[in-house]
Every structure is written in C-alpha cells, then in structure tokens.
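Reading through the structure tokens given below for one structure.
Every number here is computed from the coordinates shown, using simple stated rules; none is lab data. Keep in mind that this is a model prediction, so the values were computed, not measured. In this analysis, Cβ positions are derived from the backbone assuming ideal geometry, glycine residues included, and neighbour counts consider all displayed protein chains.
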Amino acid sequence: QLFSNEKYASSTSSKSPFRPPSKDRQLRFMEKDGAFPVVFQKPPGDWSPYLMDIFTTLVEIRWRVMLLFFSLSYILSWLFFGLCFWLIALVHGDVGDVHNNPCVDNVRGFTGAFMFSMETQATIGYGFRGMTENCIVAIIVVTVQDVFSCLLDTIIIGIVVAKMASARKRAQTVGFSRCAVVNLRDGSLCLSWRLGDFRGNHILEGVARAMLVRYVKQPQGSIAMSYQDLHIHNKDIVLATPATIIHKLDPGSPLYSLGPDDLLGDNFELVVSFTYTGDSTGMLHQTRTSYTPADIHWGQRFQEMLKMGKRHYKVDYALFNVTTRVPGPLLSAEDIRPHTTQKCTNTNGLPSFHCK
C-alpha cells in the first residue's frame, strides 16, 4: 500500500509545477521578494524614530524623494546665504548708493546677492563678483558658507553612495527557487529548495536558515505567532554553483506528520534566508523569501542544471525553477517510517529503495 496507485507520484516530466486547488489568497507573513507586509501604527506626529537616525532615514527614502531633498538642500542654502549677503549690503548702504565701497563687488540687490551665494558655494568663480575687505561680517558669512558647503557635500555624497551600494540591490541578484519540493533522498523524505547567484562574481561563504512561522487567529481578533527553526543539512554554502538546500523530515521536524493532503490544509509559512558577505564590497547581505503550503510540490525534484564541460562547469539557469515528477510515496514521513525502519530486501536479495 505504500506505493499504491492512489499514493504514488508518477515519474512523468513536468515543467509546470503542481498547483493545488484555488483558494482565497491569505495574507502572507513575508512576500516572495522578502518584504514584510507590516504597517506600524505610531502615535500621531511622533517622528522621533526617523529623526534620531536621520542618515538611515535618508538612505531608505525613495530616489525621487532623495533627488528632491538633494535639490532643495542646495537651493535653500543659496537662498539663505543670499539673503544674508543682501541684508549686509542693505545695512552697509550698497543697495541705495552705487558709489559706496561695497562689501561684495557688484552686489547691489537680492539677485546679485543670490548669484554671489551660488557662485561661492558651488566654487564657480566667474570673476565678476568678489569679496572685499570693507565688511568683516560679510567675510565671516562667506567663511561659514564655505564650511557649510563642505559639510553638505559630504552628507549628500555619502547618502547617494550608500543608496547605490545598498545591500538590497546585491540581494536581488541572489535568488531562491519559486517553489520547494518534497521527495525521497536516500530513503528519507526531504524538503528542499534551490539557491543561486545570478552574477559572475561568486559568493564564497554564506549561511542558510529556515524557519516555520505559524499564525493563529484568537477569538478576540488578535493573532498569535509561533516560530520554529528547521534543521538544514548543509547550511554553510559555497555558492560558486547553484545549491539545493535540504531539510530532512525526521521525527524532530515540525513537518514530520504532514502528508500532501494535510499540507494543503495547513496554515504556515516557510521563511528561508541566506546571509552572506559580498566579495566585491565586503558588505553583509541577506536574501530571503517564503513558501506557503501551495508553494511546496510533493513528489517532485528539481532538474539538473549543472554540466561539466572540457574547461568549465556549465550552469543552465533556464532550468532553475523547473521541476520533474519522481516516484515517491504520497504519505507523511511519520506514516512511512514504520515501513522504512524495517530491514527488508527485494526479490533480488538487495535492499529495497524504500527500506532503511
């Protein structure tokens, strides 16, 4: 009965993974791209978490907001110091008397003061407007503007560089397979998924993790979350070629008693991650995704995508998400364990492939 017609996965090749019956879409704990659909409700007007770490806030804002902040920071600073130079010229009498020795040459109004402010901060130096020795206050303002300009340039350049070198960008080039599969490996049921680096510069060290997240609605309307770590057979990975992450469904696994029918009716989410250091920048990165029961395909395996050439190993990433049906029991690991723990042989005197 272990491999009866009702409990047997055919070995027919399939490029379209098995899909369960359609259900109403449930809210995920984590999206496939690794984002969490969580909204924090803070007290109205409380912006202290964002202001206390203003640098991180500016790094995480969108590029269009960053470009707006970039432009406004310079324009407003030009206007502010231009206003200061105009007030100095107004108090000194440069605006009303063209024959007066000015604090700044050729600054007789607000437009000239704004132009001088922009030329000073941007170090343009057209040679038409320039500082004189007639006003010590104007000299102090120019000095303050020069120091402020260096500080502003440092902040803007640092934020732009941090956004361009964001770990999230590198994480998008390291991906997990769209689905996970359950099949027999060495006589034991195993849950596995794929991990690959789509760039040429390989990741030489990384750690894979997996966690089972369950969420249950309470009668009061709240949600109780539980987290269980899954033991991974090969968590330390050298990602020079695509790797298959394996979790054995042994008695210590939270999925030990789940069969294919129970799997579709269960409510959990498998959150997987890969933490690694980029070899080009030395920065710490993390790629993550999640699998719901509908994303786990029973009785299938991933197609081989690694071949050996004469001078190189060849990886066909077109097969990264392609699965194939394989023979295997459509029973939980708990149900097949009484059969697999028996010492048995087949008619040829050799150990049966479903016996341990």
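Observations
- Computed 3J(HN,Hα) for the range 141-157, one whole-Hz value per residue from the Karplus formula 6.51 cos²θ - 1.76 cosθ + 1.60 where θ = phi - 60°, is 5, 4, 5, 4, 5, 5, 5, 4, 5, 5, 5, 5, 4, 4, 5, 5, 5, glycine and proline marked x.
- Filter on 32/235; 235/307; 32/163; 163/217; 163/314 - keep pairs with C-alpha separation over 27 Å: 163/217; 163/314
- Our estimate of slack between residue 316 and residue 156, defined as 0.36 nm per intervening residue step minus the Cα-Cα distance, is 53.4 nm.
- The range 302-334 and the range 202-268 have their alpha-carbon centroids 20 Å apart.
- Computed packing ranks the peptides 116-124, 309-317 as 116-124, 309-317, most packed first, by mean other Cβ atoms within 10 Å.
- In this structure, the amide hydrogen of residue 328, modeled 1.01 Å from its nitrogen in the peptide plane, lies closer than 5 angstrom to those of 9, counting only residues at least 5 positions away or on a different chain.
- The value for the range 201-296 of Rg(Cα) / (2.2 N^0.38 Å) is 1.29.
- Sorting 78, 193 by the number of Cβ atoms found within 10 Å of their own Cβ, with the fewest placed first, yields 78, 193.
- Ranked by the mean number of other Cβ atoms within 10 Å per residue, highest first, peptides 207-219, 60-72 order as 207-219, 60-72.
- Near residue 296, the amide H atoms lying under 5 Å from its own belong to 180; only residues 5 or more places off or on other chains count, and H is placed 1.01 Å from N.
- Computed from phi, the 3J(HN,Hα) profile of the range 116-124 under the Karplus parametrisation 6.51, -1.76, 1.60 (θ = phi - 60°) reads 5, 4, 5, 5, 5, 6, 8, 6, 6 Hz, with x in place of Gly and Pro.
- Burial ranking of peptide ranges 133-146, 236-249 (average Cβ count within 10 Å, highest at the top): 236-249, 133-146
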